[in-house]
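Step one of this worksheet: look at the structure below.
The values are calculated or read from the model by the stated rules, or taken from the named source; none is laboratory data. These numbers come from a predicted model, not from an experiment. Every residue, glycine as well, gets a Cβ built from its backbone with ideal geometry; the counts of neighbours run over all protein chains shown. In case anyone asks, the SASA skips ligands and DNA or RNA and just uses the protein heavy atoms, side chains included. Shrake-Rupley method; radii C 1.70, N 1.55, O 1.52, S 1.80 Å.
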Amino acid sequence: MIGTGYVGLSTGVCMAHLGHHVVCVDIDAAKIERLRRGEATIVEHRLPELLREGIDSGRLSFSTDGAAAVADAEFVFMCVQTPQGDDGSADLRHLYAALDSLAPALRPGTVVINKSTVPVGTAREAQARLGRTDIHVASNPEFLREGSAIDDFLEPDRVVVGCDDAAAGARVADLYRKLGAATVVTDPATSETVKYASNAFLATKLSFVNDMAALCEALSANIDDVVIGMGLDRRIGKDFLRPGPGWGGSCFPKDSRALINIADNVGHDFGLMRSVVESNLRQFDRIAARIASLVGGSLAGVPIGVWGLTFKAGTDDLRDSPALEIVTRLLAAGATVTAYDPTVTAPSNSIPSGVHLAGDAVSAAKGAACLVVLTEWLEFAATDPDEVAAVVAERRVFDGRNVLEADAWIDRGFSYARIGR
Ligand code: NAD
């Protein structure tokens with residue numbers, strides 16, 4: 001595994017669990033040192049157990065020496081970051097730097113597998129860049145969801161492999177055989193497109209339901225029942241129709257913009273995706289405006305307690321978090337923000353300056369004119385409203401994830417506002 005972040009580490013421990021011998025490589029020596037000690041470097045359900053299992057079995061090891069690791073490898077998974085470039089396209093600098101440095105060390109017959117999300121055409125470009133006919137490059141996009149990455153790997157909806165060499169593609173698919181998953185083996189461009197199409201479709205569903213929620217608020221309709229009523233239609237399905245403060249995370253924002261860029265490059269104006277992205281930005285504005293209206297119109301000097309900073313529950317990932325988008329807007333409007341997130345214990349560059357971090361949920365609510373829920377951590381739903389009532393300045397809560405038990409809060413004298421009702 002080249003790159004031992006969310007994808008490389010999850011894939012590495014799971015591949016070792018399936019019985020493969022895995023070396024996870026990273027240029028971050030401190031990360032590799034911690035992993036060698038068996039310390040999980042990300043928050044992910046079941047990861048600590050599988051990490052320990054892999055190390056104890058002798059099938060999983062960690063290294064900063066990529067060339068040594070690939071010299072023996074039948075398969076090399078590229079799992080490095082592909083962030084958004086200035087023009088919205090995916091930035092492939094890390095991928096190509098890794099590939100160029102490893103190329104001379106690859107042994108004949110090795111399959112190089114792109115797990116990073118990359119523009120359509122990258123596998124073939126990488127093949128040409130390697131300039132070796134004894135190595136094949138395959139695309140094998142990753143569909144894991146942070147927070148359930150291990151379960152998603154071990155029980156995937158599908159495995160997708162794209163390779164111009166049928167035998168190499170079959171060998172890659174075979175790595176996953178024990179999982180018994182539906183497998184799509186195709187050409188590299190199609191495989192790369194499946195990844196972008198899947199993320200774009202999911203982002204579209206989320207923008208749709210958030211816009212529907214705003215409409216429900218205006219129409220005095222109830223988004224929960226609208227979603228149930230829609231979701232029972234098997235053509236629609238109930239998943240990914242949960243309204244929230246907007247979508248984010250390390251993938252959807254950059255992958256949506258990258259797809260628009262990919263389409264632009266071939267002269268296709270993907271107006272639908274543009275609207276999906278714009279709808280999401282409007283959602284952030286709408287949520288911040290709603291919080292302002294709850295406190296009387298102006299946020300200037302108003303203390304706000306925030307529950308949740310990560311982009312979703314079950315992860316410590318703050319990249320492109322909708323919670324941070326909302327917090328940034330609250331601060332810009334003059335609010336003072338005290339926030340609590342179970343995985344955020346120390347200030348970092350990711351957190352907007354001006355945010356005070358609290359050590360627990362109740363402390364974050366202390367003195368607040370409004371308590372705002374922005375990430376759906378289970379502990380928020382389990383927090384006793386009486387304890388919160390005792391410390392807030394005003395009994396006012398805005399549930400941006402629709403996770404609190406409304407009646408319990410209303411019974412304690414809170415005014416309770418939520419999305420889509
Ligand atoms: P990440 O930033 O968590 O991890 C990338 C790792 O690669 C880092 O630890 C970095 O130090 C390392 N790295 C960079 N250059 C290297 C090099 N030359 N040699 C060795 N290591 C190197 O990124 P991530 O979230 O794991 O995402 C990786 C890719 O997978 C991205 O393309 C992303 O879009 C895609 N993806 C991510 C997710 C997700 O939920 N995070 C899901 C599906 C796909």
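Filtered by the rule that a residue be farther than 23 Å from Val23 by Cα and open to solvent by 70 Å² or more (accessible area, probe 1.4 Å), the stretch 77-132 gives Gln84, Asp86, Asp87, Arg124, Glu125, Ala128, Arg129. Just a yes or no: is a residue in the stretch 147-162 in contact (Cβ under 8 Å) with a residue 40 or more places away in the chain, buried (at least 22 other Cβ atoms within 10 Å of the Cβ), not assigned by TED's automatic domain parsing to the domain that holds Lys312 and not aliphatic (A, V, I, L, M)? Yes; the residues of the stretch 147-162 include at least one that is in contact (Cβ under 8 Å) with a residue 40 or more places away in the chain, buried (at least 22 other Cβ atoms within 10 Å of the Cβ), not assigned by TED's automatic domain parsing to the domain that holds Lys312 and not aliphatic (A, V, I, L, M). In the stretch 36-48, the count of residues that are surrounded by fewer than 24 Cβ atoms within 10 Å (Cβ to Cβ) and either outside the structural domain of Ser101 (by TED's automatic domain parsing) or among the hydroxyl-bearing types (Ser, Thr, Tyr) (or both) is one or more. Within the stretch 326-348, restricting attention to residues that are touching a residue at least 40 places away in the same chain (Cβ under 8 Å) and surrounded by fewer than 23 Cβ atoms within 10 Å (Cβ to Cβ), the residue that is farthest from Ala149 (Cα to Cα) is Ala333. Scanning the stretch 296-320 for residues that are open to solvent by 20 Å² or more (accessible area, probe 1.4 Å) and either without any contact (Cβ under 8 Å) to a residue 40 or more places away in the chain or outside any loop (DSSP other than H, G, I, E, B) (or both) returns Gly296, Gly297, Ser298, Ala300, Gly301, Pro303, Leu318.
Which of the residues that make up the stretch 15-35 are within 12 Å of the ligand (Cβ to nearest atom) and surrounded by 19 or more Cβ atoms within 10 Å (Cβ to Cβ)? Of everything in the stretch 15-35, those that are within 12 Å of the ligand (Cβ to nearest atom) and surrounded by 19 or more Cβ atoms within 10 Å (Cβ to Cβ) turn out to be Val23, Cys24, Val25, Asp26, Lys31, Ile32, Leu35. Counting only helices (runs of 4 or more DSSP H) that sit completely within the stretch 1-65, zero hold 3 or more residues that are farther than 27 Å from Val118 by Cβ and hydrophobic (A, V, I, L, M, F, W, C).
Condition first: more than 30 Å from His45 (Cβ to Cβ) and open to solvent by less than 30 Å² (accessible area, probe 1.4 Å). Now tell me which residues in the stretch 368-413 satisfy that. Hits for the stretch 368-413 are Ala368, Ala369, Cys370, Ala389, Val392.
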